[in-house]
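*Asks:* This is the structure I have questions about; it appears just below.
The values are calculated or read from the model by the stated rules, or taken from the named source; none is laboratory data. Treat the numbers as computed from the prediction; the structure is a model and nothing was measured. Please note: Cβ atoms are built from the backbone with ideal geometry, for glycine as well, and neighbour counts cover all protein chains shown.
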Amino acid sequence: MEFFLSSNNNITCGTFYQGEIDLIPKNVVKTFGKPNMGDDYKVSGEYAFVNGNKVFTLYDWKWTTLYDKRNPFTPKGLWMLDKPLRFNIGGNKRSAEHLSKFKLYLNSTVDSKC
């Protein structure tokens, strides 16, 4: 199953939490480029992926000082981190049954070495 990175943030409307995955933020940026802007509150950045009518998002959730000044990372610092971090995965209603395939795609595409 192929997934295509999209810069169209409009496709993420109506997506919701589907699961989580541990990835190295620096390697995510190295693989997919800089993330799209998040909501500047709970999410500092996100990526949108499509496969036909299925939409997936990959995003940090409440990890940065945008959400809580006591959090360990600034938005810029989070995306430069070279250690695994738990990311959230979102999707639309047609995505749920393909979550494991999307996780497999991410794990095989993003380098897991620090």
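*Asks:* Tally the residues that are among the aliphatic types (A, V, I, L, M), at pLDDT 95 or above and over 20 Å from residue 108 (Cβ atoms), restricting the search to segment 29-39. Reasoning before the result, please.
*Replies:* Just the residues of segment 29-39 that are among the aliphatic types (A, V, I, L, M), to begin with: 29, 37.
Add one more test, that the residue is at pLDDT 95 or above, and what stays is 29.
Retained after the next criterion (residues that are over 20 Å from residue 108 (Cβ atoms)): none.
Residues that pass the stated criteria total 0.
*Asks:* Select from segment 1-28 the residues that are closer than 14 Å to residue 107 by Cα, in a helix (DSSP H, G or I) and β-branched (Val, Ile, Thr) and list them in ascending order.
*Replies:* Scanning segment 1-28 gives a single hit, 28.
*Asks:* Taking the criterion of being touching a residue at least 40 places away in the same chain (Cβ under 8 Å) and not hydrophobic (A, V, I, L, M, F, W, C), would at least one residue in segment 54-71 satisfy it?
*Replies:* Start the filter on segment 54-71 by keeping residues that are touching a residue at least 40 places away in the same chain (Cβ under 8 Å), which leaves 54-58.
Retained after the next criterion (residues that are not hydrophobic (A, V, I, L, M, F, W, C)): 54, 57.
Yes; the residues of segment 54-71 include at least one that is touching a residue at least 40 places away in the same chain (Cβ under 8 Å) and not hydrophobic (A, V, I, L, M, F, W, C).
*Asks:* So which residues in segment 15-60 are among the acidic types (Asp, Glu) and surrounded by fewer than 18 Cβ atoms within 10 Å (Cβ to Cβ), if there are any at all? Reasoning before the result, please.
*Replies:* Step one: of segment 15-60, the residues among the acidic types (Asp, Glu) are 20, 22, 39-40, 46, 60.
Matches in segment 15-60: 20, 22, 39, 40.
*Asks:* Given 64, 74, 109, 57, which one is of a type in the set (S, T, N, Q) and touching an Asp or Glu at 6+ places or on another chain (Cβ under 9 Å)? Show your work before the answer.
*Replies:* Numbers: 64 fails: touching an Asp or Glu at 6+ places or on another chain (Cβ under 9 Å); 74 fails: touching an Asp or Glu at 6+ places or on another chain (Cβ under 9 Å); 109 fails: touching an Asp or Glu at 6+ places or on another chain (Cβ under 9 Å).
Exactly one residue qualifies, and that residue is 57.
*Asks:* Right, residue 72: loosely packed, with under 13 Cβ neighbours inside 10 Å and touching a Ser or Thr at 6+ places or on another chain (Cβ under 9 Å) or not?
*Replies:* Values: loosely packed, with under 13 Cβ neighbours inside 10 Å: yes; touching a Ser or Thr at 6+ places or on another chain (Cβ under 9 Å): yes.
Answer is yes for this residue.
*Asks:* Out of 3, 56, 16, 49, I need the residue that is modelled with pLDDT of 95 or more, more than 13 Å from the chain's Cα centre (by Cα) and under 20 Å from residue 97 (Cα atoms). Which one? Talk me through it step by step, then tell me what you get.
*Replies:* Working: 56 fails: more than 13 Å from the chain's Cα centre (by Cα); 16 fails: more than 13 Å from the chain's Cα centre (by Cα); 49 fails: more than 13 Å from the chain's Cα centre (by Cα).
The match here is 3.
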